[in-house]
Amino acid sequence: MSFFKITLIRSGIGMTERQNGVLKALGLRKRMKTVYQPVSPQAAGMIMKVKELLAVSEVDTPLTQAEIHEKRRPPRGFFVEKPVRPEG
């Protein structure tokens, strides 16, 4: 089964009540929030109503919130990309 990966990129401030209702129905309340919806005509219709605010892609399996959080976490520690040579 396929899923839409939907991320709210732009805020719904200034949009109509109907468009804000669509965002609420999709489960998007804050910017950069990602939700997964099963691929269906209803979900596609809601996405089309607010397409200018969203980033949408199709994935095979949805990630949990913990998996999304772990994926965004930067690696621990530090590493040197290029050694610094002393001048002189």
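All of the numbers you see were taken from the coordinates with simple rules; none came from a lab. Please read these numbers as outputs of a predicted model, since none were measured by experiment. Don't worry about glycine lacking a Cβ; one is built from the backbone with ideal geometry, like all the others, and counts go over all protein chains shown.
Where nothing but the Cβ of Lys and Arg (+1) and of Asp and Glu (-1) is charged, how large is the charge dipole of the chain around its Cα centre, in debye to the nearest 20?
With Lys and Arg at +1 and Asp and Glu at -1, about 300 debye.
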Q: Using DSSP to define loop residues, name the chymotrypsin sites (Phe, Trp or Tyr not before Pro) in segment 13-88 whose beta-carbon has at most 10 other beta-carbon atoms within 10 Å.
A: PHE78, PHE79
Q. Which value in nm describes the separation of the simple spin-label points at SER2 and ALA55, placed 7 Å from the Cα toward the beta carbon?
A. 2.0
Q) What is the list of residues in segment 1-33 whose amide nitrogen lies under 17 Å from a point 7 angstrom out from the Cα of VAL39, following Cα to Cβ? A) 1-7
Q: Take the Cα gyration tensor of the chain, multiply each eigenvalue by 5, square-root it, and list the three semi-axes largest first, rounded to whole angstrom.
A: 37, 17, 11
